[in-house]
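Everything on this sheet refers to the single structure shown next.
Every read-out reported here was derived from the displayed coordinates using simple, explicitly stated rules and does not represent laboratory data. In this text the structure is predicted, and so the values were computed from the model without any measurement. When we count neighbours, we look across all protein chains shown, and the Cβ atoms used for this are built from the backbone with ideal geometry, even at glycine.
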Amino acid sequence: MNKIKLLSILFSMLFFPGWSQEDAQAEQDTTLLSGDIDEVTITAFRSPYNLFNTPAPINAITPLQLELGTAFTTVEALNQAPGILMHSGTLNTNRLTIRGIGSRTPYATNKIKAYFGEIPLTSGDGETTLEDLENTAIKRVEIIKGPSSSLFGAGLAGVILFHPKTSVKSFVQNQTTVGSFGTIKNTLSAGVDENKLNIFTLGSILKSDGFRENNETKRSNILLNSVYSFSDKTNLQVLLKGTKMKAYIPSSLDYPTFISTPEKAAENWQRIKGNEEYTNGQFGISLNILTNGNHKISAATFGSFRDLDELRPFNRLKENSNYIGWRAYIQKTINGSKNRFILTSGIEFFREKYNWSTYSNNDASLLSDNEERRQYENLFVQLESSFSERYFISAGVNGNLTRFYYTDKFLENGDHSGDQIYEPTISPRLGITIIANSNLSFFGNISHGFSTPSFEETLLPEGEINPDIKPETGWSAEIGFRSEILEQVQFSASYYQIYVKNLLVARRTGEDAYVGVNAGKSAHPGFEAEVKWNVTKPAKYPALILTGNATIANYHFDEFVDLDVDYSGNNLPGTTKTTWFAMAGLNPANNIRFNLWYRFTGKMPVNDSNSEYSDPFGITNFEGIYNTRIKRIKFQFKAGIQNIFDIHYASMLAVNAPAFGGNLPRYYYPGNPRNYFVSVLIGFE
């Protein structure tokens with residue numbers, strides 16, 4: 001790629017998140033296939049970097065990776081990045097961990113920050129829902145691993161940025177996917193790219209009976225992403241997203257049932273036909289301006305509502321929440337004779353109201369009625385500099401203030417209302433990249449992060465506020481390198497250490513009751529490596545590309561004593577010491593592609609005591625894709641096999657699951673056995 005083309009792509013990426021046009025992304029995706037590491041643009045730190053000189057641990061996931069397999073959820077795509085482990089119990093039950101952080105959360109994802117464009121996917125108490133996302137609505141994903149971002153506030157494990165798709169040209173297309181277990185998904189999308197207006201819109205319906213009993217799922221998604229350019233330097237982006245979901249819950253199984261009859265649902269969930277049903281709507285509006293004085297100004301507002309009704313064996317939960325927030329920043333670029341400085345400063349406000357009540361399954365009587373108001377502000381400053389063509393430095397600091405206000409509306413057992421106001425948290429970050437030559441760069445990163453307890457974790461067993469509970473905090477240090485050999489082989493590796501103190505322990509007091517305590521420290525050392533090899537010359541057919549990555553880690557309790565039991569030195573439950581991923585992509589012709597990929601996950605402890613481990617497993621998948629075009633009509637046929645060798649494995653663990661009434665603890669969510677899918681896409685441009 002020539003320098004003029006590269007500069008044009010970098011300029012188009014300046015406005016976060018939606019300024020870049022799809023033709024720039026198409027160029028980038030082709031680059032990722034051909035393997036030029038210094039031409040992959042990263043915008044996670046507000047300024048454009050190419051991946052070669054990014055002074056931070058970051059991975060980019062492309063549309064090719066997002067479309068791999070059935071693409072019903074983001075699980076397959078996110079699990080292709082080293083250091084990432086996405087547990088998936090069902091289509092609506094997932095837990096994402098980054099470098100072992102968040103592994104002890106029982107059924108959900110927390111301790112990360114995630115955004116879809118300008119819309120936060122993370123609630124005010126730190127829980128993130130990723131199963132609503134539609135892969136075909138995502139242009140690319142950027143993952144900042146570990147507490148290495150000073151721009152986004154609470155997110156000890158990292159930050160995930162999902163960039164919404166825009167349109168390259170005006171089009172309409174329909175894709176239908178049919179798979180095993182009574183699964184069918186239909187996606188209709190359309191785009192407009194005319195003059196100053198760019199619109200991408202999508203609607204999808206997914207239905208599945210599921211592999212297990214009580215496992216039916218129905219999900220509908222709609223999306224509108226619109227960018228209007230008033231001029232070359234000013235645009236307005238409007239992003240709307242909605243989801244309606246009803247999913248039955250088979251829950252986890254004890255080990256004998258998991259081995260003998262994995263298709264079974266947990267007896268208590270099957271008996272009551274346990275399920276969750278919710279409606280969720282979100283919006284984001286951002287104005288981006290580039291001034292003549294080298295200032296970039298971005299201002300955004302965002303909001304969401306969510307209504308949920310969940311029938312469980314022990315009670316019925318009803319909740320509704322809504323939030324609104326604002327984010328703004330200004331960026332100043334100073335170009336010197338031999339160096340360049342970029343100063344970014346901004347603020348983010350978040351206000352959420354969350355109401356939740358529980359009812360008896362026997363007579364629908366009220367058991368609890370609660371209201372929470374969650375608020376936080378982030379103030380951030382970042383300075384980036386290139387002192388020469390060889391040295392890049394990025395330094396920043398984030399200040400956060402978080403508050404919870406709780407009102408107990410169910411007064412039969414007393415009024416437990418109260419407030420939880422945390423001390424301001426300051427999180428600095430420093431990253432540096434040294435370019436040794438055009439094919440080799442080194443980077444280092446030191447950063448601080450934190451995660452606040454959920455409000456439920458701040459309550460004592462009797463329901464009162466625990467004023468002594470503290471946020472988890474951690475420091476991360478990392479060194480690594482990125483290289484390219486003969487323009488055909490990319491290789492990168494890094495070593496990191498993350499130390500977390502004030503470790504939050506969700507101590508169970510019932511089947512759905514937890515008490516949070518600060519119980520110790522954890523250590524997260526690890527080594528990651530990635531390789532990409534263009535076996536044949538780029539843009540030549542037949543073409544063969546081999547990619548792979550591996551993570552070797554030892555995530556463990558450094559100091560951890562809970563209820564007088566010392567777990568120090570034990571491995572963190574829900575984590576493994578070894579994962580690796582390998583993929584071969586073969587293009588025998590420019591309209592035919594075959595993908596074969598394999599992911600290995602080592603054994604994992606299921607509880608803090610490490611008394612039991614899940615079995616290691618490796619899953620092999622294959623797909624073939626055929627594309628053709630008749631004038632303006634595009635056709636794509638895709639078919640594949642997942643879990644080719646019919647491996648029996650646990651796709652998710654319910655860590656530290658309790659044992660009630662003399663029953664065995666239910667740690668295991670069975671993964672799908674061998675299954676098949678066929679997809680047909682027809683589009684008109």
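Residue farthest toward the positive end of the dipole of the chain, with Cβ of Lys/Arg at +1 and Asp/Glu at -1: which of Y354, T109, I434?
Value computed over the given set: I434.
Please state the relative contact order of the range 3-684 as a whole percent: Cα pairs under 8 Å, 6+ residues apart?
Contact order relative to length: 11 percent.
Mind checking which lysines have their C-alpha under 21 Å from K631, skipping anything on the same chain fewer than 8 residues away?
Leaving aside lysines fewer than 8 places away in the same chain, those within reach of K631 are K169.
When the helix-only estimate is applied to the chain (DSSP H runs of n ≥ 4, each -39,500 (n - 2.57), divided by the residue count), what is the mean residue ellipticity at 222 nm, nearest 500 deg cm²/dmol?
Calculated mean residue ellipticity at 222 nm is -1500 deg cm²/dmol.
If you add up the charges near M604, with Lys and Arg at +1 and Asp and Glu at -1, over every other residue whose beta carbon is less than 13 angstrom from its beta carbon, what do you get?
Result for the neighbourhood of M604: +1.
Which of T187, S345, L563 sits closest to the plus end of the dipole of the range 3-684, meaning its Cα is farthest towards the positive end, when Lys and Arg get +1 and Asp and Glu get -1 on the C-beta?
T187
Of N198, V505, P471, whose Cα points farthest to the positive end of the dipole of the range 3-684 (charges on the beta-carbon: +1 Lys, Arg; -1 Asp, Glu; origin at the Cα centre)?
N198
Reachable lysines from K338, Cα under 17 Å, same-chain residues fewer than 8 places away excluded?
Those lysines meeting the cut-off do not exist here.
Can you give me the convex hull volume of the Cα atoms of the range 519-648, divided per residue and expressed in Å³?
148 Å³
Explain nothing, just the number: dipole magnitude of the chain about its Cα centre with +1 on each Lys and Arg Cβ and -1 on each Asp and Glu Cβ, in debye rounded to the nearest 20.
Working: 63 positive and 69 negative charges, 514 e Å.
Around 2460 debye, computed over the chain.
Across 10 Å bins from 0, what is the distribution of all Cα-Cα pair distances for the range 350-421, in whole percents?
Once binned at 10 Å, the Cα pair distances of the range 350-421 give 15, 27, 20, 14, 11, 8, 4, 0.
Net charge near F341, counting Lys/Arg +1 and Asp/Glu -1 over other residues with Cβ under 12 Å of its Cβ?
Around F341, the surrounding residues sum to +2.
At a 10 angstrom cut-off on C-beta neighbours, averaged per residue, how do the peptides 245-258, 382-395 rank from highest to lowest?
Descending packing order for the listed peptides: 245-258, 382-395.
What is the ratio of the Cα radius of gyration of the range 66-187 to 2.2 N^0.38 Å, with N the residue count, to two decimals?
1.10
Provide L681, L78, L156 in ascending order of the number of other Cβ atoms located within 10 Å of each residue's Cβ, fewest first.
L681, L78, L156
Within a 10 angstrom radius of the beta carbon, how do S123, S611, S170 rank from fewest other beta carbons to most?
Working: S123 20, S611 9, S170 14.
With the fewest neighbours first, S123, S611, S170 line up as S611, S170, S123.
Can you compute the charge dipole magnitude of the range 372-448 about its Cα centre, using +1 on each Lys and Arg Cβ and -1 on each Asp and Glu Cβ, nothing else charged? Give it in debye, rounded to the nearest 20.
360 debye
In whole Å, what are the Cα extents of the range 212-312 along the three principal axes, biggest one first?
Reported extents, whole Å, longest axis first: 68, 25, 16.
For the range 298-417, what is the Kirkwood estimate of the hydrodynamic radius, computed as the reciprocal of the mean inverse distance between distinct Cα atoms, to one decimal in Å?
Its Kirkwood hydrodynamic radius stands at 18.2 Å.
Any of K207/K603; K139/K185; K185/K603 with alpha carbons more than 25 Å apart? Name them for me.
Checking Cα-Cα distances, K207/K603; K185/K603 exceed 25 Å.
What's the local net charge at S148, with K and R +1, D and E -1, over the other residues with C-beta under 10 Å away?
+1
Given a cut-off of 24 Å, name the pairs among K196/K241; K246/K577; K165/K196; K246/K318; K145/K246 whose C-alpha atoms lie farther apart than that in the structure shown.
Too far apart for the 24 Å limit: K246/K577; K145/K246.
Can you tell me the equivalent ellipsoid semi-axes for the chain? Use √(5λ) from the Cα gyration tensor, largest first, whole Å.
One finds semi-axes of 37, 30, 26 Å for the chain.
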